[in-house]
Amino acid sequence: MTLFSRLEAPAPDAIIALMQRFAADDRPHRVDLGVGVYRDAAGRTPVMAAVAAAEARMLAAQETKGYLGLAGDPRFIAAMEGLLLGASPGDRAAAVATPGGSGAIRQALALVRMANPGAEVWIGRPSWPNHAAIADELGMGVRLHSYLGADGRADAAAMLAELGQARAGDVVVLHASCHNPSGADLDASEWAAVADLFAARGLLPLVDVAYQGFGDGVEEDVAGLRLLAARLPEVLVAASGSKSFGLYRERVGLVLALCDGGRAARATGGALQSLNRKNFAFPPDHGARVVTTILEDPVLRADWQAELDAMRHRVRDLRAALAAALREATGTARFDFLTGQRGMFSLLGLSPAQVERLRAEHAIYLVPDGRANIAGLSETTLPQLAVAIAEAVRAEG
Ligand SMILES: Cc1ncc(COP(=O)(O)O)c(C=O)c1O
């Protein structure tokens, strides 16, 4: 047997499998509520105006595409630190650019493994599947803790009780806002309780910031992160520019480590650069430069923020409209929880058989766990979805 003929292709994760299945469906009315991208009323994932303007400027001004340092552009790092933390973290920070938020999560976990080879990775149930997949690929032990309550809200009490079993030096993945897949976020008092527990037990948060601006606002969505940064000696952040800047395919990400003092930060920065070197060497620059150009220019920044605010409002309006349409179609308040949740995703509480029914009979694609990308709906598809769900619920309860 030759070498590669021994390989079995690993099953793609549920979301990637769904993208492939959708692409192969030729029904003209098919609706993709699977993959997590923002769509406008016409169903497009737009290039944001500030991004197009920044790219035009860059095209006119850029004189070289020579290598940068292993950490990427220091101005990108400074701009992102400001966006995430609201102020410069000074000499306690170490950061490197990465290929997207996924790359940042991988490098952040690899850093934890380097510092504490026995560290376990605690992940809420449910979470974005790639969290556990990346930890597993790195050979790190994964522990699950409760997160989502039966009422569609975060069950912080259960989460904190189970995290009481975590050992000092373990890392806990937290979603800054717009929890994926549930849309259920922690409130301010719950973030404070997280900070208390982590401080008391020496736990390290890894805050995944993938939807800044899609929940309650650009500042509001990182309030929990900022609280942890103020209270804890060490915090890890994995940030993505994919959704907040609409730069999905450009692969914009940052891993930021807040350390206990300047000496630790310098060593951590060196460790992160060495991890970059060994994984992919230099991080992608184009998307990072777009983000820097926008964040450094007050006019572009205001324009970006206004467009992002409009996207957030559209998702909020879609949530309210879907809850109302479902109330009418089902004659129950079963889906009212949608309005209290934030961001693109919610779990609709449908069985895999009901999800399959939506696909087979209505060409509506959801992730098998019942996650819907609310941002993928339009004025036409929203009533279609409500009717289809009501039918599936009536058929199977
Ligand atoms: C929770 C969460 N974290 C991180 C990411 C990373 O996104 P990307 O690697 O495209 O920047 C995503 C994307 O779907 C996500 O949903």
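Worth pointing out:
- Rounded to the nearest 20, the size of the Cβ-charge dipole of the chain about its Cα centre is 700 debye, with Lys and Arg at +1 and Asp and Glu at -1.
- Net dipole in debye of the range 117-212 [+1 Lys, Arg Cβ; -1 Asp, Glu Cβ; about Cα centre; nearest 20]: 140 debye
- Dipole axis of the chain (+1 Lys, Arg; -1 Asp, Glu on Cβ), positive-most option in Q384, A324, A156: A156
- Each DSSP beta bridge with both residues in the range 67-296 is either parallel or antiparallel, and the antiparallel ones are about 45%.
- Springs between Cα atoms under 10 Å define the GNM used for the chain, and in it the highest mean-square fluctuation of A184, A324, A372 occurs at A324.
- Which of I123, I16 has the fewest Cβ neighbours within 10 Å, and the rest in rising order: I16, I123
- Three-way shape label, the range 46-111, alpha-carbon gyration tensor, a/c 1.5: prolate
- Seen against the Cα atoms of the chain and their longest principal axis, helix 298-330 is set at about 30 degrees.
- Where only DSSP H runs of four or more residues are counted, the chain gives -14500 deg cm²/dmol as its mean residue ellipticity at 222 nm, each run worth -39500 (n - 2.57).
- In the range 236-276, inverting the average of 1/r over every pair of distinct C-alpha atoms gives 11.5 Å as the Kirkwood radius.
- Contact order relative to length of the range 292-397, as percent, for alpha carbon pairs under 8 angstrom and 6 or more apart: 26 percent
- The range 176-244 and the range 260-297 have Cα centres lying 20 Å from one another.
- For the range 67-171, pairs of C-alpha atoms spaced more than 22 angstrom apart make up 47 percent of the total.
- Remark: H29, H175, H131 ranked as H29, H131, H175, counting other beta-carbon atoms within 10 Å and listing the fewest first.
- Distance between modelled label sites at Q273 and M1, nm, 7 Å Cα→Cβ extension: 4.4 nm
- Selection among S189, A223, V121 by position relative to the dipole of the chain gives V121 as farthest towards the positive end (Cβ unit charges, Cα centre).
- Beta bridge orientation in the chain: antiparallel %, DSSP, nearest 5: 45 percent
Values quoted throughout were computed directly from the atomic coordinates according to the rules given, and no laboratory measurement underlies them. All of these numbers come straight from a predicted model, not from anything done at the bench. A quick note on method: Cβ atoms are made from the backbone with ideal geometry, for glycine too, and the neighbour counts reach across all protein chains shown.
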